[in-house]
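Input: a single structure, listed below in structure tokens.
Any read-out appearing in this document is the output of simple, stated calculations on the displayed coordinates, not a laboratory observation. For clarity, every value in this text was computed on a predicted model and none was experimentally measured. When we count neighbours, we look across all protein chains shown, and the Cβ atoms used for this are built from the backbone with ideal geometry, even at glycine.
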Amino acid sequence: MSRYETRPVFAVLSVMNAYRRVSGRTRKAISIEMGRTTNWWKSLEARGHITIELHNEIMAFITSRWPKSHAMPSPVRMFLRDHPEKVAEAARSKPRPAAERKCLCCPTRFVSEGPHNRMCPVCRQRFAGLPSQMVG
């Protein structure tokens with residue numbers, strides 16, 4: 001397998017949307033649990049293809065967390081059959097809980113994506129045009 005082998009992104013997105021529907025979770029919550037930024041899902045939609053490594057990471061995550069009360073779609077069943085070790089590894093990884101933080105610039109509390117995200121979306125937008133040295 002080539003390091004740069006790719007897969008079409010639409011198949012992964014359809015599985016991710018199916019997981020979102022059956023789990024009742026939002027795109028933002030799924031992205032945070034996967035250790036990604038909240039706008040990561042939109043960046044996936046803009047791509048035509050993704051690397052095989054990213055494809056396998058997403059499929060392993062979803063397959064390991066698929067609700068037992070719902071039937072798995074065929075791509076998820078096939079991934080489980082072909083890559084049981086990746087699914088087991090993803091199942092062992094702990095989900096990243098979303099943390100509520102206080103914005104550094106105002107008293108607003110917001111759900112943070114991680115330790116790198118310390119400003120609320122309003123302040124981030126307000127200071128978007130300033131050089132990073134002036135923001136903090």
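Between I50 and R7, V9, the built amide H atoms are under 5 Å apart, and every one of these is 5 or more places off in sequence or on another chain.
Packing order of peptides 61-72, 39-50, highest average first: 61-72, 39-50 (average count of other Cβ atoms within 10 Å over each peptide's residues). Taken one residue at a time, the phi angles of region 12-17 give Karplus couplings (6.51, -1.76, 1.60, θ = phi - 60°) of 5, 5, 5, 5, 5, 5 Hz. Gly and Pro are set to x. Classify the chain as rounded, prolate or oblate from the Cα gyration tensor: take a ≥ b ≥ c as the square roots of its eigenvalues, call it rounded if a/c is under 1.5, otherwise prolate when a/b beats b/c and oblate if not. Taking the square roots of the gyration eigenvalues as a ≥ b ≥ c, the chain is prolate. Between P73, N39, S112, the Cα set farthest toward the positive side of the dipole of the chain (charges on each charged residue's Cβ, about the Cα centre) is that of S112.
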